[in-house]
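Structure first, commentary second.
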Amino acid sequence: MTDIDNAQVIVDTALRSAQPVVLEPGKVHAFNTPVGVKTVDLTGPEHTGNPPRKAGTTTVRDAVSFHAYFTKHADADSEVYADAERLTVTAVLDAHTDAGARWSGHRLHLALRETETWKQWTRQDGQLMDQETFAEFLEEHVPELLEPAGADMLEIAQSFQAATKVDFQSAQRLNSGQRQFQYVETQTAKAGQKGQLTVPETFVIGLIPFEGSEGYKLTARLRYRIGQDKLRLGYKLDRPDEIRRTAFADVIKAIGEQIEQPVMNGTPA
């Protein structure tokens, strides 16, 4: 064994026999090891069982849930951002302060979800249906029909279902703002008998765009097409995208009224 090896053995032995040093009583201790000084932090997560800081992103679906979580975890330096394009609101609960940096790793994310009724009405927007399908659609959505009342629209739907074996020949707009359809019976017992159906040219529906949001009124305008002895019907909603944006703006307003931090337009880094 060389002198160098002997010297290393002596050093290693001395390090192993050295007493640990208490750097911070009850918290941090230091030990000499052959590879250097090792510190043990008794306040670290491996000893306490607690994470060193709050982290992660929590996703909620309405303003009430957003406010509940935000109130529990936010402080004066927390930041809130609203993105109208993505229909999201994000809070950085441990955002940087004006005096220094923080982790910015604990976040709250509001991701609004459209209601099923909103999706059903917007999905059929501008689509023409045969009269029976149109009647069934009205029947299934009576709760959303406001003007005329649901009962009146249900009666109209049933009239369309009863007039499936007819030839629709023309339509005219009445002074009342309604649309009147002229038809001729094709059933054997009533062949040649004429009749008419009157339908409102516009009707008002009430929809809730997002889960947990307020309800809004929309105007639907009747659309129709008479061709090859068949009548096809549908509706066109009046500016549904504008209503959607208004609903999101109202959600942001509701959040802003409940917290002290400003709601900024954009997304966090």
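The values are calculated or read from the model by the stated rules, or taken from the named source; none is laboratory data. Please read all numbers here as calculations on a predicted model, not as lab measurements. Neighbour counts are summed over all protein chains in view; Cβ atoms, including those assigned to glycine, are modelled from backbone coordinates with ideal geometry. These accessible areas exclude ligands, DNA and RNA; they are computed on the full protein's heavy atoms, side chains included. Shrake-Rupley method; radii C 1.70, N 1.55, O 1.52, S 1.80 Å.
Within the stretch 229-240, identify whether any single residue is in contact (Cβ under 8 Å) with a residue 24 or more places away in the chain, farther than 30 Å from Ala162 by Cα and open to solvent by less than 80 Å² (accessible area, probe 1.4 Å), and answer yes or no. Scanning the stretch 229-240 turns up at least one residue that is in contact (Cβ under 8 Å) with a residue 24 or more places away in the chain, farther than 30 Å from Ala162 by Cα and open to solvent by less than 80 Å² (accessible area, probe 1.4 Å). Here Asp94 meets the list (1) open to solvent by less than 40 Å² (accessible area, probe 1.4 Å); (2) assigned to a loop (DSSP other than H, G, I, E, B); (3) touching a residue at least 60 places away in the same chain (Cβ under 8 Å) almost entirely, failing just condition (3). Of the listed requirements (1) on the phi > 0 side of the Ramachandran plot; (2) surrounded by 17 or more Cβ atoms within 10 Å (Cβ to Cβ); (3) not aromatic (Phe, Trp, Tyr), Gly266 misses just one: (2).
Taking (1) within 13 Å of the chain's Cα centre (by Cα); (2) polar (S, T, N, Q); (3) within 13 Å of Ile255 (Cβ to Cβ) in turn, Thr59 satisfies each apart from (3). Within the stretch 24-35, can one find any residue that is of a type in the set (Lys, Arg), within 30 Å of Gly266 (Cα to Cα) and modelled with pLDDT under 95? Within the stretch 24-35, not a single residue is of a type in the set (Lys, Arg), within 30 Å of Gly266 (Cα to Cα) and modelled with pLDDT under 95.
Just to check your reading of the model, which residue among Glu85, Glu139, Glu116 is open to solvent by 60 Å² or more (accessible area, probe 1.4 Å) and over 21 Å from the mean Cα position of the chain (by Cα)?
Numbers: Glu85 fails: over 21 Å from the mean Cα position of the chain (by Cα); Glu116 fails: over 21 Å from the mean Cα position of the chain (by Cα).
None of the other options fit; the residue is Glu139.
Just name the residue that is farthest from the chain's Cα centre (by Cα) out of those in the stretch 103-113 that are surrounded by fewer than 16 Cβ atoms within 10 Å (Cβ to Cβ) and over 30 Å from Pro143 (Cβ atoms).
Here the residue is Trp103.
Step by step: first the residues of the stretch 238-261, then only those that are under 21 Å from the mean Cα position of the chain (by Cα) and not in a helix (DSSP H, G or I), then the one that is farthest from Glu185 (Cα to Cα). Which residue is that? Of everything passing the filter in the stretch 238-261, Ile259 is farthest from Glu185 (Cα to Cα).
Looking at the structure I just gave you, is Thr71 assigned to a helix (DSSP H, G or I), among the polar types (S, T, N, Q) and open to solvent by 70 Å² or more (accessible area, probe 1.4 Å)?
Values: assigned to a helix (DSSP H, G or I): yes; among the polar types (S, T, N, Q): yes; open to solvent by 70 Å² or more (accessible area, probe 1.4 Å): yes.
So Thr71 passes the test.
Every listed requirement among (1) hydrophobic (A, V, I, L, M, F, W, C); (2) surrounded by fewer than 13 Cβ atoms within 10 Å (Cβ to Cβ); (3) closer than 15 Å to Tyr235 by Cβ is met by Phe134 save one, (2).
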